[in-house]
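Taking it in order: structure first as structure tokens, then the write-up.
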There are 2 protein chains.
Amino acid sequence: MAQARRKDEKLRDVSRRMILERTARLLVRNGYGDTSLRDIAQACDMKAGSLYYHFDGKDALIEQVMTEGVRRVQARVRDALDQAADASPLDRVRLAMEVHLTTLHDKSDYASAHIRCFPHVPADIRQRLRSVREEYEAVWIDLLETARGAGLIAADVDLMTLRFALIGMMNWTLEWPRVAGTRPTDLADRFFRIAFEGASHPVPQIG
Amino acid sequence: MAQARRKDEKLRDVSRRMILERTARLLVRNGYGDTSLRDIAQACDMKAGSLYYHFDGKDALIEQVMTEGVRRVQARVRDALDQAADASPLDRVRLAMEVHLTTLHDKSDYASAHIRCFPHVPADIRQRLRSVREEYEAVWIDLLETARGAGLIAADVDLMTLRFALIGMMNWTLEWPRVAGTRPTDLADRFFRIAFEGASHPVPQIG
DNA sequence: CAAAAATTATAACAGTTGTTAGAATTATCG
DNA sequence: CGATAATTCTAACAACTGTTATAATTTTTG
């Protein structure tokens, strides 16, 4: 009600979206176990029972937040990659890292809620979320295999390990206190520099 | 009671240790918010009220588990480094990675409990845990600065970013389903290979 | 074995949790 | 406006939470 909405957008959808957003924020701060329906309702200026008009229950609501978390990152990364279809394979990897990190930190509580709560969510939800994750991981598998096909990744580097290393160092930045003041874009460059050039290798300045 | 104990070890300490261990396992599986004192007590063949003889309350118990989580990793890493005092700076980094990963996956639920629950633990506990973390991080800062001093890390690589990248890719392995069958030692080698030689650089075989 | 100390169990407390049914309210539309 | 549909609130439920005081039990000691 505090939000402007397009003519063609149903009030029902606006409320749903607001609930999902507030839930995401609470999940990031307090985690799955310590986010109650009454907390969520209060953040939405509602009462707990009213949430059941929009969602089947706590777990259904949270599952949707976490599902959307992956989908949003995936959508943004795919869009960026589509608009840079002719870039070099390694530049596409760097771009994907930049968008992934930016979405995590600036754009969406959904994504960080997913990352922080995934380990502690009920097993049946976690099971379904795995499928959603795999779709996004397919993007990275494709990125890295393409780079290898172009001869840009050494033969003795296991692509799965490389993928987990990249995802790991990026997602773990959520544990830092405010990313130590580094902008996500700079962070992506530095991570890329380390993972692909190697911390031991000096990189000659171009020009 | 089900456990043999040394003559000089008080029963009190044995019980405390058992409670801490079972708590760590539950924390890893269920997280902070969904691990109740009755769950812990049941895992110890006790009743919830009895736990108060050993600990001041839930938060005190959990804080001690998580504190010990860092201390154990730190102790094992320091020991290994002391026994390899004359190794090259980069070999010492690789060794630290190996011990860190091994402890996380094979040796101790304390460490993984710490990593998984840290974001969702009450704020005052989290504050105190930060100091404990900083002590361990000092080990890594020293490792990397020494390597740089020996000219083994390129000048344009930010050491803080490198440290976060290493810690991040290692800690994130807890999110994989059983590390995908890779042994921690091999994992350490591959991570080291990527982060220091660079995924794009072919490494000439020695010999 | 008996006395003292250490450890655990019992039972209850106040508060919180997810959930539900039905009443009350608000928005939509003829 | 009036009628209908779409939302929200109310109030309660059973189950669970951390915690406490006190009683029962076990272990250690003399």
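Annotations
- Label-point distances for A:Glu134 to the equivalent site in the other copies, using a point 7 angstrom along Cα→C-beta, read 4.5 nm when ranked shortest first.
- Considering only A:Leu26, A:Gly151, A:Ala84, the residue lying farthest towards the positive end of the dipole of the stretch A:1-160 is A:Leu26, judged by Cα position with unit charges set on Cβ.
- The same position A:Asp158 in the other copies lies at 3.0 nm from this copy, comparing label points 7 Å beyond Cα toward the beta-carbon, shortest first.
- Dipole check for the stretch B:11-197: with +1 at the C-beta of Lys and Arg, -1 at the C-beta of Asp and Glu, and the Cα centre as origin, the magnitude is about 620 Debye.
- With contributions of -39500 (n - 2.57) from each DSSP H run of at least four residues, the per-residue ellipticity at 222 nm computed over chain B stands at -20000 deg cm²/dmol.
- Taking label points 7 Å from Cα along the Cα-to-Cβ direction, A:Arg78 and B:Asp45 give a separation of 5.5 nm.
- Three-way shape label, the protein assembly as shown, alpha-carbon gyration tensor, a/c 1.5: oblate
- Accessible area buried at the B-A interface, both sides summed, 1.4 Å probe (Å², nearest 100): 3900
- Cα gyration tensor shape for the stretch A:118-187, rounded if a/c is under 1.5, else prolate or oblate: oblate
- With θ taken as phi - 60° and the Karplus curve 6.51 cos²θ - 1.76 cosθ + 1.60 applied, the whole-hertz 3J(HN,Hα) list for the stretch B:21-29 is 5, 5, 4, 4, 4, 5, 4, 4, 6 Hz, x standing for glycine and proline.
- Rounded accessible area per residue of the stretch A:66-197, 1.4 Å, Å²: 41
- Whole-Hz ³J(HN,Hα) from phi, Karplus 6.51 cos²θ - 1.76 cosθ + 1.60, for the stretch B:119-133, glycine and proline x: x, 10, 6, x, 4, 5, 5, 4, 4, 5, 5, 4, 4, 4, 4
- What the phi angles of the stretch A:85-100 give under the Karplus curve with 6.51, -1.76 and 1.60, with θ = phi - 60°, is a coupling list of 5, 9, 6, 5, x, 6, 5, 5, 5, 4, 4, 4, 4, 4, 5, 4 Hz, glycine and proline written as x.
- FRET efficiency for the B:Arg12 to B:Ser88 pair, using the beta carbon distance and R₀ = 45 Å, is estimated at 0.50.
- Computed magnitude of the charge dipole of the protein assembly as shown (debye, nearest 20; Cβ of K, R +1, Cβ of D, E -1): 1380
- Förster radius 25 Å - calculated FRET efficiency between B:Arg71 and A:Arg126 (Cβ-Cβ, nearest 0.05): 0.25
- Inter-copy separations for B:Val14, label at 7 Å along Cα-Cβ, nm, ascending: 6.7
The values are calculated or read from the model by the stated rules, or taken from the named source; none is laboratory data. Just so it is clear, the model here is predicted, and its values are computed rather than measured. With ideal geometry, Cβ positions are generated from the backbone for all residues, glycine too; neighbour counts draw on all protein chains shown. Each accessible area value is taken on the protein alone, full model and side chains, heavy atoms only, with ligands, DNA and RNA left out. Shrake-Rupley method; radii C 1.70, N 1.55, O 1.52, S 1.80 Å.
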